[in-house]
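Read through the structure below, which is laid out as structure tokens, and then see the notes.
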Amino acid sequence: MTEISDDELEAMLERKPTVREAKVDDHALMVRALEHPVRRKMIKTIGVFGKTKVELKKELGIDAAMFNFQADFLIKGNYLVVDGDNFRLTDRGLVLLSNIS
């Protein structure tokens with residue numbers, strides 16, 4: 001078995017994903033976002049006009065820990081933004097909304 005030099009290893013670690021790999025990863029993240037029923041309900045509840053945190057928690061009927069976890073997932077995926085106390089879907093979030101029946 002051939003050894004990898006330090007330079008080769010460093011180059012492998014610093015390599016950025018190709019456009020195709022980035023697209024595949026993006027689609028996989030979208031699927032993950034839509035797989036969870038609470039996230040789907042959250043996206044539908046926020047809709048195109050947004051909701052406050054109080055409205056969302058009341059309509060979703062989930063505890064604070066579950067709410068924060070799911071909201072963080074959507075925020076990190078760039079599907080959701082928080083503006084003060086208002087939760088709004090980003091353009092990417094609106095794409096998810098359009099894929100929920």
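Numbers for the structure displayed
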| read-out | value |
| --- | --- |
| Extreme residue, farthest from Ile43 (Cα to Cα), among residues of the stretch 55-101 that are modelled with pLDDT of 95 or more and of a type in the set (Val, Ile, Thr) | Val82 |
| Filter pass, Leu29 being at pLDDT 95 or above, within 23 Å of Asn99 (Cα to Cα), hydrophobic (A, V, I, L, M, F, W, C) and part of a helix (DSSP H, G or I) | no |
| Subset of the stretch 57-80 (residues that are surrounded by 14 or more Cβ atoms within 10 Å (Cβ to Cβ) and under 18 Å from Asp26 (Cβ atoms)) | Phe73, Leu74, Ile75, Gly77, Tyr79, Leu80 |
| Residue list for the stretch 12-30, filter: of a type in the set (Val, Ile, Thr) and open to solvent by 80 Å² or more (accessible area, probe 1.4 Å) | Val19 |
| Count - residues of the stretch 43-56 that are surrounded by fewer than 17 Cβ atoms within 10 Å (Cβ to Cβ) and in a helix (DSSP H, G or I) | 5 |
| Yes/no for Arg39 being touching a helix residue (DSSP H, G or I) at 6+ places or on another chain (Cβ under 9 Å) and surrounded by 15 or more Cβ atoms within 10 Å (Cβ to Cβ) | yes |
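The values are calculated or read from the model by the stated rules, or taken from the named source; none is laboratory data. Source: prediction; values computed, not measured. FYI the Cβ positions are ideal-geometry reconstructions off the backbone, even for glycines, and counts take in every protein chain you see. Note: accessible area is taken over every heavy atom of the protein model, side chains too, but ligands, DNA and RNA are not part of it. Shrake-Rupley method; radii C 1.70, N 1.55, O 1.52, S 1.80 Å.
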